[in-house]
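The values are calculated or read from the model by the stated rules, or taken from the named source; none is laboratory data. A quick note: this is a predicted structure, and the numbers were derived from the prediction, not measured. Because the Cβ atoms are built from the backbone with ideal geometry, glycine has one as well, and the counts that use them run over all protein chains shown.
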Amino acid sequence: MPCLPMSGGGFICTRNEPVEIKHENRTYRFEWTASSGWMPVNKNGQFRRSPIPLSVWDKLAEEYK
């Protein structure tokens, strides 16, 4: 996540570009949030409510430790 130092101390973090994970001919998109960590998102930026396979979560964790 892009973070910039503030003049008074501390950091301000902005949203990052979604990460795409390809699995079994499907693409899953995730975005890092400060409050919840990795969140699945749709292409339009809305949070996804459908289940994400555990193997996709494992691949995401492996690539972005």
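Looking at the structure I just gave you, is GLU62 at pLDDT below 75, of a type in the set (Asp, Glu) and either assigned to a strand (DSSP E or B) or out of contact with any Gly (no Cβ under 7 Å at 6 or more places or on another chain) (or both)? Step through it out loud before you land on a result.
Working: at pLDDT below 75: no; of a type in the set (Asp, Glu): yes; either assigned to a strand (DSSP E or B) or out of contact with any Gly (no Cβ under 7 Å at 6 or more places or on another chain) (or both): yes.
It is false that GLU62 is at pLDDT below 75, of a type in the set (Asp, Glu) and either assigned to a strand (DSSP E or B) or out of contact with any Gly (no Cβ under 7 Å at 6 or more places or on another chain) (or both).
Within region 51-65, residues that are over 13 Å from PRO40 (Cβ atoms) sit with their Cβ atoms under 9 Å from residues that are loosely packed, with under 10 Cβ neighbours inside 10 Å, at 6+ positions apart or across chains, in these pairs: SER55/GLU24. Selection of first residues in region 31-47 that are modelled with pLDDT of 75 or more and part of a strand (DSSP E or B) and of second residues that are surrounded by 14 or more Cβ atoms within 10 Å (Cβ to Cβ) and among the polar types (S, T, N, Q), restricted to Cβ pairs under 6 Å at least 6 apart or on distinct chains, gives the following pairs, ordered by first then second residue: MET39/THR33.
Checking each residue in region 48-59 for being surrounded by 12 or more Cβ atoms within 10 Å (Cβ to Cβ) and at pLDDT below 80 picks out only ARG48.
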